[in-house]
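Asker: Shown below is the structure under consideration.
The values are calculated or read from the model by the stated rules, or taken from the named source; none is laboratory data. None of these values were measured; they are calculated from a predicted model. Note that each Cβ is placed from the backbone with ideal geometry, even for glycine, and that neighbours are counted across all protein chains shown. Heads up: the accessible areas ignore ligands, DNA and RNA and are worked out on the full protein's heavy atoms, side chains in. Shrake-Rupley method; radii C 1.70, N 1.55, O 1.52, S 1.80 Å.
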Amino acid sequence: MALLLIEDDVLLAQTLETLLREHDDQVDVMTRGDHACDYLITPRRLDLVILDLNLPYRSGLEVLTTLRGHDRLTPVLILTARASVEDRVAGLDLGADDYLTKPFSLSEFEARVRALLRRARPTAPDTLALGQLMLHVPTQRLELNKTAMALPSREQHLLACLLRHGEQIISRADLMLEAFGGDDLPGDNALEVYIHRLRRRLEGSDVRIRTVRGMGYRLELN
């Protein structure tokens, strides 16, 4: 899951980041409200925003307003030392989904996070398909025209990632990060080699990988 933690208390931010990463979540951390606003202006996939209200340079409510200006769906958990009903109502009225008052227990924090992620995350289908290409999600088995594809690991991850995005464009950077994680990312030249190999494997089928200049890649039907 892709999470954004916005908290100016460095010690608390480090504690929560460590806790969230224990579940293999991708966590970005910001400590300033203005930086968070700049980050959120750029469209990106987020599964949860954890937002402190008392931030330097721009308040948490301003950050929330920025987010909701273009994203009405990503759940937001507010963290704050403000306990008044008025503060809670203000955050909820601006589009927050839940509220946790400091100090709080880490177990309650984890429970709130899990609840919001369950609410926001649709039930994953067992299979994903586009034309003759199919991915069996639980096993990550890829099939082309009902025949199993025996692919090297990196090609497997790349093609599965493209299929998960359907016919939507995914940028080169997001494709590499989602397919390979944060470690040992291939360079641009290596990515081009993998894409070239996958295109050859898809020859003769009704599916192809298209390069969208300046934007990234997407799967599409021929």
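Asker: Put +1 on the Cβ of every Lys and Arg and -1 on every Asp and Glu Cβ in the chain; which of 127, 41, 101 then has its Cα farthest towards the positive end of the dipole?
Answerer: Among 127, 41, 101, the one farthest towards the positive end of the dipole of the chain is 127.
Asker: Choose one of 157, 207, 140: the residue whose Cα lies farthest towards the positive end of the charge dipole of the chain (beta-carbon charges +1 Lys, Arg; -1 Asp, Glu; about the Cα centre).
Answerer: The Cα lying farthest towards the positive end belongs to 207.
Asker: Something else about it: Where nothing but the Cβ of Lys and Arg (+1) and of Asp and Glu (-1) is charged, how large is the charge dipole of segment 7-102 around its Cα centre, in debye to the nearest 20?
Answerer: 220 debye
Asker: Still on this structure, please answer the following. How large, in Å, is segment 1-116 by the Kirkwood hydrodynamic radius built from its alpha-carbon pairs? Could you put the intermediate results ahead of the total?
Answerer: Working: mean 1/r = 0.0717 Å⁻¹.
Final number for the Kirkwood radius of segment 1-116 is 13.9 Å.
Asker: When the helix-only estimate is applied to the chain (DSSP H runs of n ≥ 4, each -39,500 (n - 2.57), divided by the residue count), what is the mean residue ellipticity at 222 nm, nearest 500 deg cm²/dmol?
Answerer: Only helices count here, giving -12000 deg cm²/dmol.
Asker: So how exposed is residue 157, as accessible area in Å² (1.4 Å probe, rounded to 10)?
Answerer: Near enough 80 Å² of accessible area.
Asker: Just to be sure I understand: if I project the alpha-carbon convex hull of the chain onto a plane and average over all orientations, what area do I get in nm²?
Answerer: Quarter of the Cα hull surface area: 13.6 nm².
Asker: For the chain, what relative contact order do you get, as a whole percent, if you take Cα pairs closer than 8 Å and at least 6 residues apart?
Answerer: With pairs under 8 Å counted, the relative contact order is 13 percent.
Asker: Can you tell me the dipole magnitude for the chain around its Cα centre, using point charges on the Cβ only (Lys, Arg +1; Asp, Glu -1), in Debye to the nearest 20? Don't skip to the end; give the middle numbers.
Answerer: Numbers: 28 positive and 34 negative charges, 197 e Å.
My answer is approximately 940 debye.
Asker: Within the chain, what is the longest stretch that has no GluC sites (Glu not before Pro) placed in a DSSP loop and near at most 16 other beta-carbon atoms within 10 Å?
Answerer: 23-166
Asker: Round to the nearest 10 and report in Å² the accessible area of residue 130, as given by a 1.4 Å probe over the protein chains' heavy atoms.
Answerer: Accessible area, nearest 10 Å²: 20 Å².
Asker: When the C-alpha atoms of segment 127-221 are aligned to their principal axes, what extent does each axis show, in angstrom, from largest down?
Answerer: Cα extents, longest axis first: 32, 27, 20 Å.
Asker: So, one more: Taking all protein chains as present, what is the carbon and sulfur share of the accessible area of segment 2-120, in % to the nearest whole number, probe 1.4 Å? Before the final figure, lay out the partial values.
Answerer: Values: 3110 of 6000 Å².
Carbon plus sulfur share of accessible area: 52 percent.
Asker: Suppose R0 equals 22 Å. What FRET efficiency, 1/(1 + (r/R0)^6) with r the Cβ-Cβ distance, do residue 111 and residue 85 give to the nearest 0.05? Please report the intermediate quantities before stating the final value.
Answerer: Values: r = 22 Å, r/R0 = 1.02.
Calculated transfer efficiency: 0.45.
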